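The values are calculated or read from the model by the stated rules, or taken from the named source; none is laboratory data. No experiment lies behind these values; they were computed from the predicted model shown. Because the Cβ atoms are built from the backbone with ideal geometry, glycine has one as well, and the counts that use them run over all protein chains shown. SASA here: full protein model, heavy atoms, side chains in, ligands and nucleic acids out. Shrake-Rupley method; radii C 1.70, N 1.55, O 1.52, S 1.80 Å.
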Amino acid sequence: MAFSCATATKVVSLCAKPEAGPAAKALTYRYGTAKKVELEYAATTDNGKSFGATTSPAAPGASVRQLWFNRGDIRYLLTECVGGSCPYGAGVAVLNPERALMSARCLAGETPNQAFFARSLIEFGNDASDTRSQTKLIKPEDSDNSLDQIYKSGRPPQ
């Protein structure tokens with residue numbers, strides 16, 4: 001498991017095969033419930049698909065690590081906030097070019113969460129230029145992912 005968390009109603013996961021790290025030949029994003037996967041996106045060494053990644057400043061002394069894929073004009077984003085004054089630790093968001101369509105934070109609960117990115121898969125730096133992917137399936141790049149909407153100060157999404 002490269003990233004996994006439960007929101008109030010769904011589970012979002014990023015799975016690596018055969019394992020997270022340089023040997024990963026597939027990364028798969030899954031979103032839904034235990035009974036039904038509502039969205040799945042797979043990047044493999046054979047299909048030419050990949051994920052984007054970057055780091056952006058958030059609150060004082062905090063930064064948000066981000067991993068995403070696009071389907072048309074819609075971006076599906078996983079986040080992990082580290083350091084400083086993070087409004088919450090991790091989350092999932094869906095964006096179009098104009099606004100955030102959905103944003104939910106990862107919650108602690110009975111189900112174990114791994115709401116952080118596997119360091120064997122990617123080593124985030126201060127921005128895309130010093131972020132190091134351990135697999136060709138993740139491409140660091142600069143991107144504005146509407147963090148001002150997703151990580152609103154004092155009002156984390158539900």
(request) Working only within region 91-108, note down all residues that are modelled with pLDDT of 90 or more and small (Gly, Ala, Ser). (result) 91, 93, 100, 103, 104
(message) Testing residue 44 on (1) open to solvent by 70 Å² or more (accessible area, probe 1.4 Å); (2) more than 23 Å from residue 129 (Cα to Cα); (3) touching a Ser or Thr at 6+ places or on another chain (Cβ under 9 Å), one condition comes back false. Which one is that?
(response) (1)
(message) Can you say whether residue 53 is surrounded by 19 or more Cβ atoms within 10 Å (Cβ to Cβ) and over 13 Å from residue 3 (Cβ atoms), as far as the supplied structure shows?
(response) no
(message) I'm trying to understand the selection: among the residues of region 24-39, which are under 22 Å from residue 132 (Cβ atoms) and either of a type in the set (Phe, Trp, Tyr) or free of Cβ contacts under 8 Å to residues at least 12 places away in the same chain (or both)?
(response) 29
(message) The conditions are (1) part of a loop (DSSP other than H, G, I, E, B); (2) under 20 Å from residue 24 (Cα atoms), and residue 67 fails exactly one of them. Which is it?
(response) (1)
(message) Looking for something assigned to a strand (DSSP E or B) and hydroxyl-bearing (Ser, Thr, Tyr) - is there at least one such residue anywhere in region 80-98?
(response) no
(message) Among the residues in region 18-35, are any open to solvent by 70 Å² or more (accessible area, probe 1.4 Å) and polar (S, T, N, Q)?
(response) no
(message) Quick check on region 104-114. Is at least one of its residues touching a residue at least 40 places away in the same chain (Cβ under 8 Å), in contact with a Phe, Trp or Tyr (Cβ under 7 Å, 6 or more places away or on another chain), among the polar types (S, T, N, Q) and surrounded by fewer than 21 Cβ atoms within 10 Å (Cβ to Cβ)?
(response) yes
(message) Consider region 115-126. How many of its residues are assigned to a loop (DSSP other than H, G, I, E, B), at pLDDT 90 or above and open to solvent by 50 Å² or more (accessible area, probe 1.4 Å)?
(response) 0
(message) Taking the condition of being open to solvent by less than 50 Å² (accessible area, probe 1.4 Å), out of contact with any Gly (no Cβ under 8 Å at 6 or more places or on another chain) and not aromatic (Phe, Trp, Tyr), how many residues in region 1-17 meet it?
(response) 7
